[in-house]
Amino acid sequence: VTAFAVGSVEGQERIFSASLDNTIRQWDPYDLACIRVFEEYRSEVSCMTFAGLSKKLVTGHDDGSVRLWDLDTGSTVNLHEPERGHGNTVACVCVVERNGGDEQLVATGGFDGRVAVWDVRKTRHSRPHLMTAWEAHQGSEILSIVAYGGMNGM
């Protein structure tokens with residue numbers, strides 16, 4: 001198992017696990033039944049979190065990509081921008097809520113020492129996209145990231 005996440009899907013608590021077999025599994029935490037299996041063919045999942053407002057699973061990958069998973073359909077939106085985002089493994093991901101929870105962002109950290117902030121909302125006029133990225137630790141890997149107090153509290 002390479003990553004875990006927890007969240008609520010349609011009012012039901014769920015556990016998500018990712019593994020080296022390139023699957024993401026959705027579990028019922030009470031009877032430990034596997035409810036659904038998602039296949040990831042492009043690259044290994046290295047980290048993940050649940051974005052509650054958008055009801056999406058957010059995964060980081062060993063190729064530097066970040067993906068949003070629609071839990072109803074299993075479809076993904078790929079947020080990979082190697083020239084601005086991550087050029088190496090995404091090691092950690094967290095959800096950032098701001099403006100009273102109306103806006104939802106995702107922050108990622110990687111083995112390349114970079115931090116990236118992604119707007120994961122999808123509206124009529126925009127799709128999820130990279131907002132900003134910077135080299136936070138030159139020559140060092142970022143292994144953990146946390147946000148407090150919105151984007152300015154990261």
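The values are calculated or read from the model by the stated rules, or taken from the named source; none is laboratory data. Note that the structure is a prediction, hence the values are computed from the model and not measured. Every residue, glycine among them, receives a Cβ derived from its backbone with ideal geometry; neighbour counts consider all protein chains shown.
Annotations
- Segment 46-64: number of residues that are crowded, with 20+ Cβ neighbours inside 10 Å and either at pLDDT 90 or above or of a type in the set (S, T, N, Q) (or both): 11
- Residues of segment 7-50 satisfying the condition of being among the small types (Gly, Ala, Ser) and within 18 Å of the chain's Cα centre (by Cα): Gly7, Ser8, Ser17, Ala18, Ser19, Ser43, Ser46
- Among the residues making up segment 49-70, those that are more than 16 Å from Val96 (Cα to Cα) and either polar (S, T, N, Q) or part of a loop (DSSP other than H, G, I, E, B) (or both) are Asp62, Asp63, Gly64, Ser65.
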